[in-house]
1. Taking H as built 1.01 Å from N, whose amide H comes closer than 5 Å to the amide H of Gly133, not counting residues under 5 places away?
2. Are any of the pairs Lys136/Lys321; Lys76/Lys304; Lys95/Lys337 more than 30 Å apart by Cα-Cα distance, and if so, which?
3. Stretch Thr160-Arg300 to full length: gain in nm at 0.36 nm per residue minus the Cα-Cα span?
4. Ratio of alpha-carbon Rg to the 2.2 N^0.38 Å globular estimate for region 119-215, to two decimals, please.
5. How much length, in nm to one decimal, is gained on full extension between Ile231 and Leu322, taken as 0.36 nm per residue of separation minus their Cα-Cα distance?
6. Multiply the residue gap between Gln272 and Asp353 by 0.36 nm, knock off their C-alpha separation, and tell me the result in nm, one decimal place.
7. Given R₀ = 25 Å, FRET efficiency for Gln293-Glu334 by Cβ-Cβ distance, to 0.05?
8. Would you kindly work out the equivalent ellipsoid of region 190-249 from its C-alpha gyration tensor and give its semi-axes, the square roots of five times the eigenvalues, largest first in whole Å?
Amino acid sequence: MSHRTNDNENNTEKIEDSSRSLLLSIASQLTKGTDLHKVALPTFILEPRISVSDIEDDTKRFIAVVKWFLGGWHIKPKGVKKPYNPVMGEFFRCKYKYDDGSKGYYIAEQVSHHPPVSAFFYTCPQHNVIITGDIKPKSKFYGNSVASLMKGTTNFILPTRNEELYEVHMPNMYARGVLIGTMTLELGDTSTIICKSTDLICEMDFQTKGYFSGQCNSVVAKIKRLSTQEIIYEISGQWSAELFIRKYNPNEKTSTVGRLLSFKKDTTKEKQPDLLVDVRKHHVCPLSVPQIQEEKESRRLWSKLTEGIKSGNFDKATEEKLKVEDIERELRKEREKKNIEWQTRFFNVKGDDYPLKGIETVEETCKKLNTLFT
């Protein structure tokens, strides 16, 4: 079974000459290290694939959470696109109906504009999973690339296991070839998953492709004891294709990548790594949104901008974009003039945390979400 794939079409995009000219014009006004805080972060859709809470073994349960995390990055729009800039109070809600009859609910709200912060909440009650957190984008321009530094924290919670919590920190995102070459989306830098109650940590290194070597979408990881830093498992592969896992052998001195890739040549059973996940075989569950959208729901708020882009009428798209932004700018000035503090609708603001309002138990969560999605 191959450990590599050269199919990177979903992460690349050819830029038309007119669009590249516009980018060059914008870039000429920027310097390296410029803060692009208005660049919103792309998001990925959360999709439960197993009942993690039913796994009794602490280490196997931790591996299942790592598998969920690494197995979700391939779910994204094709090509390299810049998301719309969210406005204060904008929100998005959707629902999933899975093949096993369970349902998932997701809601996100823009809770801060300067600095930009998006809070989100997801649950699949039948599988006893809650995922909540915030995204605080801080973006930088680096000449021929743009980086989205993914600040914020995601908490993966298992309510039926005494609120067992997995604290997740995201890798960063890079759009390469903005001015020269083919635009490519990559994940890079380090990421971690920590579960203090089970004394486990996964340290992941998302590796960007070099100019002359390497492969796209690579990641290597180590699962360790948090208290002793003892390595238990190693993971390697591509988040867009296959990922493999094997028990750590301290007697082998080569690098993590070298050890795992060497199994292609060594056919002895005890040295073969196990397939953790092949995302190419995953079924991506479609989401559904309410047919009647409120004024500040994302699809209604930006509907005319979206129409302009899809029809290729970019003058109309620009006009509609400016309309939304101008209205929001005037509302913000009015609030400042009257000294009115913005009040979030769905999430509380508690320091750097943004818990969903009115949620104490899983039962209350279900009741509230059923109200939101009817």
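Here, each number is a calculation from the coordinates, and none is a lab measurement. All of these numbers come straight from a predicted model, not from anything done at the bench. Don't worry about glycine lacking a Cβ; one is built from the backbone with ideal geometry, like all the others, and counts go over all protein chains shown.
1. Phe120, Asn155
2. Lys95/Lys337
3. Residue separation times 0.36 nm, minus the Cα-Cα distance, leaves 46.7 nm.
4. 1.34
5. Difference between extended and current length: 27.5 nm.
6. Between Gln272 and Asp353, full extension yields an extra 24.9 nm.
7. Step by step, r from the Cβ atoms, then E = 0.55.
8. After scaling each eigenvalue by five and taking roots: 25, 11, 10 Å.
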